[in-house]
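Quick notes on the structure that follows.
Every number in this text was worked out from the coordinates using simple rules, so none of it is lab data. Note that the coordinates shown come from a computational prediction; the quantities given were computed from them, not determined experimentally. No Cβ is skipped: glycine too gets one built from the backbone with ideal geometry, and neighbour counts run over all protein chains shown.
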Amino acid sequence: MWKKMFGGSVPQTAWVQAPLYDRIDPGRLPGHVAIIMDGNGRWAKGKGLIRTAGHTAGVNALKQVLKVAIDLRIQALTVYAFSTENWKRPHAEVDFLMKLFSEYLEREINEMDEDNVRLQFIGRIDELSTELCRQAKSAQKRTEHNTGVRFNVAMNYGGQDELIRAMHSIAAEVADGRLAADSIDETILENHLDTAGLPPVDLVIRTSGDLRLSNFLLWQTAYAEFWFTKTNWPDFTPACFVQALEDFGRRDRRFGGLKNK
Ligand code: IPE
Ligand code: IPE
Ligand code: MG
């Protein structure tokens with residue numbers, strides 16, 4: 001079925017993963033997948049390595065997961081790379097992560113662009129180092145007209161912080177008469193979030209066994225399905241991702257209504 005869908009221009013990974021992809025019903029794929037890439041530190045500890053080795057290994061898992069999203073033409077993929085709370089970690093780890101993000105961008109941007117990926121950053125990007133912020137904005141600009149997967153990286157992101165920033169900008173519009181207070185509704189709030197223009201999250205995946213949101217996409221996950229695995233992020237393979245998508249396809253989403261399966 002997938003071979004037929006890809007026609008003559010099959011991405012290389014699609015052939016490799018074809019047996020995996022055959023397990024999925026393309027009509028029951030989520031439009032927007034959000035991933036909490038957790039457990040890098042535990043993965044490293046389990047191998048007797050320093051925590052940062054886990055972050056390096058995690059980048060490889062991310063690369064593979066993005067390829068699957070590209071192959072399956074998932075509309076939007078949002079990954080949690082660094083939270084507003086992660087600044088509490090030791091300086092050396094934070095520094096390492098920032099360097100890793102910068103190297104990742106530098107190394108992957110050409111391929112992402114070739115893959116027609118539209119890259120966007122959500123969170124307080126302006127508070128990152130001048131160089132990383134410049135790099136992120138230029139990658140965003142370079143891919144802004146791409147029409148494939150919308151790949152969003154949450155960096156210095158917190159769901160509560162995002163809602164407060166949205167409220168500030170709405171309040172400013174009300175204060176200077178551009179917006180009537182009683183016209184504020186769900187759509188207006190959504191249009192002021194970092195994720196404006198993206199579909200709501202259908203599926204949240206969290207690796208490494210913890211069962212929480214950790215301040216990720218609080219508004220956008222209102223009706224999301226959740227999928228948890230004990231696998232640590234660096235061990236999360238295309239097969240794990242496909243398993244999550246397959247399970248999602250079997251969920252009965254009622255949105256407050258009655259059974260529709
Ligand atoms: C997730 O892995 C990556 C980031 C938060 C940047 P962790 O670093 O949280 O790994 P654990 O949870 O300590 O194992
Ligand atoms: C969530 O993981 C943030 C990212 C994956 C970037 P954490 O490891 O920071 O979450 P907590 O602290 O265990 O809730
Ligand atoms: Mg963690």
Which residues, taken from segment 172-190, are surrounded by 13 or more Cβ atoms within 10 Å (Cβ to Cβ), of a type outside the set (Asp, Glu) and not in a loop (DSSP other than H, G, I, E, B)?
-> Val174, Ile188, Leu189
Please find, among Leu217, Leu211, the residue that is surrounded by 19 or more Cβ atoms within 10 Å (Cβ to Cβ), within 16 Å of ligand 1 (Cβ to nearest atom) and in a loop (DSSP other than H, G, I, E, B).
-> Leu217
Please state which of the following conditions Val204 fails to meet, knowing it meets all the rest: (1) β-branched (Val, Ile, Thr); (2) surrounded by 13 or more Cβ atoms within 10 Å (Cβ to Cβ); (3) away from ligand 3 (no atom under 16 Å from the Cβ).
-> (3)
Give segment 68-87 a look and list any residue that's within 16 Å of ligand 2 (Cβ to nearest atom) and either touching a Lys or Arg at 6+ places or on another chain (Cβ under 6 Å) or assigned to a strand (DSSP E or B) (or both), or say none.
-> Leu77, Thr78, Val79, Tyr80, Ala81, Phe82, Ser83
The residue from Leu100, Leu119 that alone is in a helix (DSSP H, G or I) and either of a type in the set (Val, Ile, Thr) or in contact (Cβ under 8 Å) with a residue 12 or more places away in the chain (or both) is Leu100
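Counting only residues that are surrounded by fewer than 15 Cβ atoms within 10 Å (Cβ to Cβ) and either of a type outside the set (Asp, Glu) or in contact with a Cys (Cβ under 6 Å, 6 or more places away or on another chain) (or both), how many does segment 59-88 have? Steps first, answer last, please.
Our first condition is that a residue be surrounded by fewer than 15 Cβ atoms within 10 Å (Cβ to Cβ); within segment 59-88, this holds for 60, 63, 73, 85, 87-88.
Those still in the list that are either of a type outside the set (Asp, Glu) or in contact with a Cys (Cβ under 6 Å, 6 or more places away or on another chain) (or both) too: 60, 63, 73, 87-88.
Within segment 59-88, residues that are surrounded by fewer than 15 Cβ atoms within 10 Å (Cβ to Cβ) and either of a type outside the set (Asp, Glu) or in contact with a Cys (Cβ under 6 Å, 6 or more places away or on another chain) (or both) number 5.
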Evaluate segment 231-246: report whether one residue or more is in a loop (DSSP other than H, G, I, E, B), within 16 Å of ligand 2 (Cβ to nearest atom) and surrounded by fewer than 18 Cβ atoms within 10 Å (Cβ to Cβ).
-> yes
Sole exception among (1) touching a residue at least 60 places away in the same chain (Cβ under 8 Å); (2) under 14 Å from the mean Cα position of the chain (by Cα) for Leu218, by number = (1)
Of everything in segment 11-43 that's free of Cβ contacts under 8 Å to residues at least 40 places away in the same chain and in a helix (DSSP H, G or I), which residue is farthest from Phe241 (Cα to Cα)?
-> Gly41
